[in-house]
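Trainee: One structure coming up, written as structure tokens, with questions to follow.
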Amino acid sequence: MPLIPIQRLTSSTTNVVSAADRATAVSNLLLGAVPNVVNVGNAPKIWPQPSKFDNDNTIFSAAANPQFVWTQPTFVPGESHGFAAASITIPLTVGIVNDFLIALTVFADNAVTARIQAYSTLGISLFPVPGLDVDLNAGSLDPLTGLTTDIAPPYNWQKTRFYSVPASLGLISVALGVTFVFSFQVSNYFTTGAVNTAGLAFAADIYQTALL
């Protein structure tokens, strides 16, 4: 079956909600909280910048490159925050198996735990969906890691993580829609260096299968 491109969701000040932790950020997002992050840019000027190809000719090329976002424009060593963003609502077809493919790319300074969840238009989590609603770990969230084990290149902040997963919502018998929620817990390590920045950037591509 062919894949239909649905959306490329990239981090920006227009779509990311932050809170003290990941679960609260998701809850606030689902309750209609407005985006409340700031664009810190490439704060240290040495972060890897997730970017589309210069000649990207796909339908997703209209999406902007991810912004580096944080809860405030200044950085506090040892702080940890939750972030969440949601896809558009995608209508599901009654009487057929609704299958999707999701590709997620994430950068964080310093460590991040990511999660992808599927919610119905009623705000109800749709699970179990194999591959979804699990923690995706990129380094330890313990801020002391910056003083103990993450002390030599390649540092956690030098890595860009990616995750691709097919997501089958099964046979749908009631007309409803699905929203994919991407959420993150990000920790800023303690460090002995003179510069201690923090930030999160991500891009999520969502495809849906179609019947021939």
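The values are calculated or read from the model by the stated rules, or taken from the named source; none is laboratory data. A quick note: this is a predicted structure, and the numbers were derived from the prediction, not measured. A quick note on method: Cβ atoms are made from the backbone with ideal geometry, for glycine too, and the neighbour counts reach across all protein chains shown.
Trainee: How many residues does region 1-46 contain that are more than 13 Å from V69 (Cα to Cα) and in a loop (DSSP other than H, G, I, E, B)?
Mentor: Number satisfying all stated conditions: 11.
Trainee: Which residue is surrounded by the most Cβ atoms within 10 Å (Cβ to Cβ), if the candidates are limited to region 47-61 and must be within 17 Å of S12 (Cα to Cα) and of a type in the set (A, V, I, L, M, F, W, C)?
Mentor: W47
Trainee: Kindly establish whether I206 is without any contact (Cβ under 8 Å) to a residue 24 or more places away in the chain and hydrophobic (A, V, I, L, M, F, W, C).
Mentor: no
Trainee: Looking only at region 47-60, count how many residues are within 19 Å of S87 (Cβ to Cβ) and part of a loop (DSSP other than H, G, I, E, B).
Mentor: Residues flagged as within 19 Å of S87 (Cβ to Cβ) and part of a loop (DSSP other than H, G, I, E, B) within region 47-60 amount to 3.
Trainee: Additional query: Can you tell me which of V69, V106 is touching a Gly at 6+ places or on another chain (Cβ under 8 Å), closer than 22 Å to K159 by Cβ and among the β-branched types (V, I, T)?
Mentor: V69
Trainee: Can I ask one more? Regarding region 80-89, can at least one residue be identified that is aromatic (F, W, Y), in contact (Cβ under 8 Å) with a residue 12 or more places away in the chain and over 29 Å from G170 (Cα atoms)?
Mentor: no
Trainee: Determine whether F100 is out of contact with any His (no Cβ under 6 Å at 6 or more places or on another chain), within 17 Å of F68 (Cα to Cα) and either of a type in the set (F, W, Y) or not in a strand (DSSP E or B) (or both).
Mentor: No; evaluated as a whole, the condition is false for this residue.
Residue by residue, here is whether (1) at pLDDT 95 or above; (2) within 17 Å of the chain's Cα centre (by Cα); (3) of a type outside the set (A, V, I, L, M) holds:
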| residue | (1), (2), (3) |
| --- | --- |
| Q7 | yes, yes, yes |
| S11 | yes, yes, yes |
| R22 | yes, yes, yes |
| V26 | yes, yes, no |
| P91 | no, no, yes |
| I96 | no, no, no |
| V106 | yes, yes, no |
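Trainee: Count, please, the residues in region 128-177 that happen to be of a type in the set (V, I, T), surrounded by 13 or more Cβ atoms within 10 Å (Cβ to Cβ) and within 30 Å of G95 (Cα to Cα).
Mentor: Total meeting the criteria: 4.
Trainee: Something else: Hey, can you tell me all the residues within region 116-166 that are closer than 29 Å to N98 by Cβ and touching an Asp or Glu at 6+ places or on another chain (Cβ under 6 Å)?
Mentor: Passing the criteria: Q117, F127.
Trainee: Still on this structure, I have one more. Residues that are out of contact with any Cys (no Cβ under 6 Å at 6 or more places or on another chain) and more than 26 Å from Q49 (Cβ to Cβ): find the strands (runs of 3 or more DSSP E) completely inside region 111-212 holding 1 or more of those.
Mentor: Those strands (runs of 3 or more DSSP E) span 111-120, 160-171, 177-187, 199-209.
Trainee: Any residue at all in region 104-116 that is small (G, A, S), within 30 Å of I172 (Cα to Cα) and buried (at least 17 other Cβ atoms within 10 Å of the Cβ)?
Mentor: The answer is yes, given that some residue of region 104-116 is small (G, A, S), within 30 Å of I172 (Cα to Cα) and buried (at least 17 other Cβ atoms within 10 Å of the Cβ).
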